[in-house]
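Working notes, structure below.
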Amino acid sequence: QKEVEQNSGPLSVPEGAIASLNCTYSDRGSQSFFWYRQYSGKSPELIMSIYSNGDKEDGRFTAQLNKASQYVSLLIRDSQPSDSATYLCAPRTGGSYIPTFGRGTSLIVHP
Amino acid sequence: SAVISQKPSRDICQRGTSLTIQCQVDSQVTMMFWYRQQPGQSLTLIATANQGSEATYESGFVIDKFPISRPNLTFSTLTVSNMSPEDSSIYLCSVEVRTGETQYFGPGTRLLVL
């Protein structure tokens, strides 16, 4: 059974700090990794995808992948109150259309 | 990406009744999916809606309870049948625009069953 583990939080950081969100997964066949952001009462929206080991940066967001450790993380630099949301990690096995979603980490950025 | 709309956005239903949720995409997509998200929980895949054939259901979900249609590449419906309070949830339509790409989600349908 594929498992995706995320600390449910809430993770509370001050405005301007770096927020670090972590995710581990059990399926070694996972090849694609996605981070979704979900505001309260809204549907998930894709913010980052990563396919290779290492770092991938997009604006204030950096995704980090370590397949050997089965670990993926999302860093948010210069955190803003508008970043307060639940972040869902979603690895996907090669050849599958369907990612496996973690339960998400709740992030609170306080002024 | 794709623009996805769902109808209704929310509804309150009586036990034992059925509700059909519609999902419309502004462009043709390869895959359409239906998810459920209960309060404080992550996303649970109900089924993959296959165009012109029966949907593929995940473990724990059956066609009699959640019949799905997908008559073309831009539209799908999910029916929640013989509802009980345990069916109260958010139901989300999701699409994959091109094979191998990630999924995009519709705005969701909030269902409350009394």
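The values are calculated or read from the model by the stated rules, or taken from the named source; none is laboratory data. Since this is a predicted model, take the numbers as computed values, not measurements. Here Cβ is always computed from backbone atoms with ideal geometry, including for glycine, and neighbour counts include all displayed protein chains. Note: areas computed on protein heavy atoms with side chains; ligands, DNA, RNA excluded. Shrake-Rupley method; radii C 1.70, N 1.55, O 1.52, S 1.80 Å.
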inquiry  = Looking at chain B as a GNM with Cα springs under 10 Å, which of B:PRO67, B:PRO39, B:PRO85 has the largest mean-square fluctuation?
reply    = B:PRO39
query = What list of ³J(HN,Hα) values in whole Hz, one per residue of the range A:11-23 in order, does the Karplus curve 6.51 cos²θ - 1.76 cosθ + 1.60 (θ = phi - 60°) give from phi, with Gly and Pro shown as x?
reply = 9, 10, 10, x, 4, x, 7, 9, 9, 10, 10, 10, 8
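Averaged per residue, what accessible area in Å² does chain A show with a 1.4 Å probe, protein chains only?
On the way: 5300 Å² over 111 residues.
Per-residue accessible area for chain A comes out at 48 Å².
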key: Estimated inter-spin distance, A:GLU15 and B:LEU112, nm [label 7 Å along Cα→Cβ]   = 3.4
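Please give the charge dipole size of the range A:1-63, origin at the Cα centre, charges +1 on K and R Cβ atoms and -1 on D and E Cβ atoms. Round to the nearest 20 debye. Please list the in-between numbers first.
Numbers: 6 positive and 8 negative charges, 24 e Å.
I would put it at about 120 debye.
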Partner aspartates and glutamates for A:LYS42 [C-alpha distance under 18 Å; skip if fewer than 8 residues away on the same chain] = A:ASP83, B:ASP11
Mean-position separation - Cα centroids, the range B:77-96 and the range A:65-79, in angstrom = 32
query = Just how large is the dipole of the range B:1-86 about the Cα centre, in debye to the nearest 20, putting +1 at every Lys and Arg Cβ and -1 at every Asp and Glu Cβ?
reply = 160
The range A:13-111, dipole about Cα centre (Lys/Arg Cβ +1, Asp/Glu Cβ -1), debye to the nearest 20 = 300
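Calculate, for B:ASN50 and A:ASN22, the FRET efficiency according to 1/(1 + (r/R0)^6) with r their C-beta to C-beta distance and R0 30 Å; round to the nearest 0.05. Please report the intermediate quantities before stating the final value.
Numbers: r = 36 Å, r/R0 = 1.18.
Working from the Cβ atoms, E equals 0.25.
If the chain between B:SER69 and B:SER1 were fully stretched, how many nm would it gain, using 0.36 nm times the residue separation less the Cα-Cα distance? Spell out each step's value before the answer.
On the way: separation 68, 0.36 × 68 = 24.48 nm, distance 2.26 nm.
Difference between extended and current length: 22.2 nm.
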query = How far is the Cα center of the range A:10-49 from the Cα center of the range B:11-31, in Å?
reply = 27
